[in-house]
1. Determine whether the range 205-227 contains at least one residue that is outside the structural domain of PRO143 (by TED's automatic domain parsing), more than 13 Å from the ligand (Cβ to nearest atom) and over 22 Å from the mean Cα position of the chain (by Cα).
2. Kindly list the number of the only condition in (1) away from the ligand (no atom under 13 Å from the Cβ); (2) open to solvent by 10 Å² or more (accessible area, probe 1.4 Å); (3) outside any strand (DSSP E or B); (4) closer than 24 Å to CYS402 by Cβ that fails for ASP295.
3. Report every pair of residues separated by at least 6 positions or lying on different chains whose Cβ atoms are under 9 Å apart, first residue within the range 278-302 and not assigned by TED's automatic domain parsing to the domain that holds ASP234 and hydroxyl-bearing (Ser, Thr, Tyr), second at pLDDT below 95 and away from the ligand (no atom under 15 Å from the Cβ).
4. What number of residues within the range 303-323 satisfy the criterion of being out of contact with any helix residue (DSSP H, G or I) (no Cβ under 6 Å at 6 or more places or on another chain) and either within 12 Å of the ligand (Cβ to nearest atom) or of a type outside the set (Ser, Thr, Tyr) (or both)?
5. SER106: modelled with pLDDT of 95 or more, on the phi > 0 side of the Ramachandran plot and open to solvent by 10 Å² or more (accessible area, probe 1.4 Å), yes or no?
6. Considering the range 371-404 alone, what residues qualify as being aromatic (Phe, Trp, Tyr) and assigned to a loop (DSSP other than H, G, I, E, B)?
7. For VAL265, work out the one condition from (1) of a type in the set (Val, Ile, Thr); (2) more than 9 Å from the ligand (Cβ to nearest atom); (3) farther than 21 Å from GLY341 by Cβ; (4) open to solvent by less than 10 Å² (accessible area, probe 1.4 Å) it doesn't fulfil.
8. Can you name the residue in the range 339-370 that is more than 26 Å from the chain's Cα centre (by Cα) and buried (at least 19 other Cβ atoms within 10 Å of the Cβ) and, of all such residues, is nearest to ALA224 (Cα to Cα)?
Amino acid sequence: MPAQQTTARIAVNTRAAKRLRGGHPWVYLSDLSEKAPASVPSASLVHVVDERGKTLGSALSSSSSQIALRMISDNALEDDGKQLQDLIRTRIAAAVDYRNRVVHGSDAYRVVFSEADGLPGLIVDRYNDVITLQVLTQAMDRPDLRDAALKSLLAEFGNNVSVVERSEPRIRQLENLPAFDIKLLHGSNSAARFQMNQLDFHFDAAAGQKTGAFLDQRENYAAAAAYAHGEALDVFCYQGGFALHLARVCQHVTGVDSSRAALEVAEQNALANAGKLKGGEIEWIEASAFDLLKDFSSEGKQYDTIVLDPPAFAKSKRALPTALRGYKELNLRALKMLRPGGILVTNSCSHHVSEADFSEMLASAAADAHRTVKILERRSQSKDHPIVATIPETAYLKCFICWIS
Ligand code: SAH
């Protein structure tokens with residue numbers, strides 16, 4: 001039977017059709033037309049049509065996610081064992097080419113960022129000669145598509161790299177996919193040394209609370225170091241990304257995190273760079289950031305530079321008001337502890353907190369602290385985590401560098 005007869009056609013409502021024509025790739029389950037089949041197939045290539053039957057393109061389907069369809073092409077592709085595999089290969093090649101042009105001075109970066117690279121459900125990071133893979137949708141989990149992705153990565157980076165899979169269990173669960181521990185898909189290493197902005201870092205896919213470093217902050221580390229001075233406090237320091245960069249220019253850096261495992265890697269990273277830190281002393285404190293800031297401010301501690309980089313407080317839109325209260329408390333305390341002429345590097349990685357919300361929160365904290373906050377730089381994520389104009393969800397990181405008087 002010719003393949004085109006087996007490709008399901010799924011009709012979507014007017015709202016979804018408008019979103020897709022606007023360049024956004026998602027169709028929610030609630031946006032399927034009454035004309036759509038009763039159930040969405042799992043892991044399939046489907047043709048998406050509007051209510052009048054006009055083709056909008058091809059999508060990959062999920063039978064369990066609220067995002068039922070993720071567009072991958074404006075054309076009507078066929079699942080003939082070749083077209084999808086070719087698409088994965090050309091998109092991975094394009095993603096690598098883009099990074100070759102926009103990433104400088106680092107052998108660690110995000111190679112593929114899911115929808116932002118036209119490959120929904122696939123996230124690939126490179127840490128020197130270790131490549132990590134996250135497979136987060138039913139369709140990308142298909143053996144033929146996984147195989148196409150792996151082969152393309154080896155073609156791009158050479159057979160000597162190791163490829164390790166470590167997918168986020170929570171997201172796989174939404175897609176009804178089995179969770180698993182780390183899997184070595186190619187080669188023999190799961191650990192690497194990598195470089196960012198001339199500093200050395202250690203990566204081990206077999207350890208750590210997430211799949212590696214916060215590569216999205218790479219450009220912000222360098223930007224922060226351009227203004228940082230004196231005594232610095234890096235709150236939510238994880239494995240020391242900001243702290244190490246600050247230690248190149250500050251006299252003393254204190255890194256704070258609640259994770260002992262993260263601080264152990266931070267200490268290893270500090271030792272690996274001992275020669276490059278020009279006397280900047282680093283001390284690591286395992287503590288809850290909220291408690292520690294409260295204690296330090298009541299003790300009257302003062303700093304010249306403070307970095308705040310908390311985990312995403314707003315995991316959903318509903319959590320936004322609570323999240324903003326959390327951000328405000330942290331920023332208020334930090335502002336009170338900064339000496340005049342001090343630098344605040346304040347971050348939020350929640351997509352649900354818009355840049356406008358974040359600015360408003362900062363203004364409110366500044367007013368309450370009776371401090372003037374001059375915004376030196378309004379930054380976002382590093383360019384290897386592309387922001388696609390038609391997909392607002394691809395923009396999530398806010399990093400404001402401010403002068404406090
Ligand atoms: N600045 C880091 C990334 C921070 S990620 C970098 O650039 O690499 C957020 C960190 O916050 C994680 O390391 C997590 O362990 C830590 N964390 C979460 N809740 C915390 C809390 N209440 N107090 C202190 N640290 C916390």
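1. yes
2. (1)
3. none
4. Here the count works out to 12.
5. No; evaluated as a whole, the condition is false for this residue.
6. Within the range 371-404, the first condition is being aromatic (Phe, Trp, Tyr), and the residues that meet it are 396, 400, 403.
The one that is aromatic (Phe, Trp, Tyr) and assigned to a loop (DSSP other than H, G, I, E, B): TYR396.
7. Of the numbered conditions (1) of a type in the set (Val, Ile, Thr); (2) more than 9 Å from the ligand (Cβ to nearest atom); (3) farther than 21 Å from GLY341 by Cβ; (4) open to solvent by less than 10 Å² (accessible area, probe 1.4 Å), the odd one out for VAL265 is (4).
8. GLY342
The values are calculated or read from the model by the stated rules, or taken from the named source; none is laboratory data. In this text, all values refer to a predicted model and were calculated from it rather than measured experimentally. Neighbour counts are summed over all protein chains in view; Cβ atoms, including those assigned to glycine, are modelled from backbone coordinates with ideal geometry. Ligands, DNA and RNA are excluded from the accessible area calculation, which covers all protein heavy atoms including side chains. Shrake-Rupley method; radii C 1.70, N 1.55, O 1.52, S 1.80 Å.
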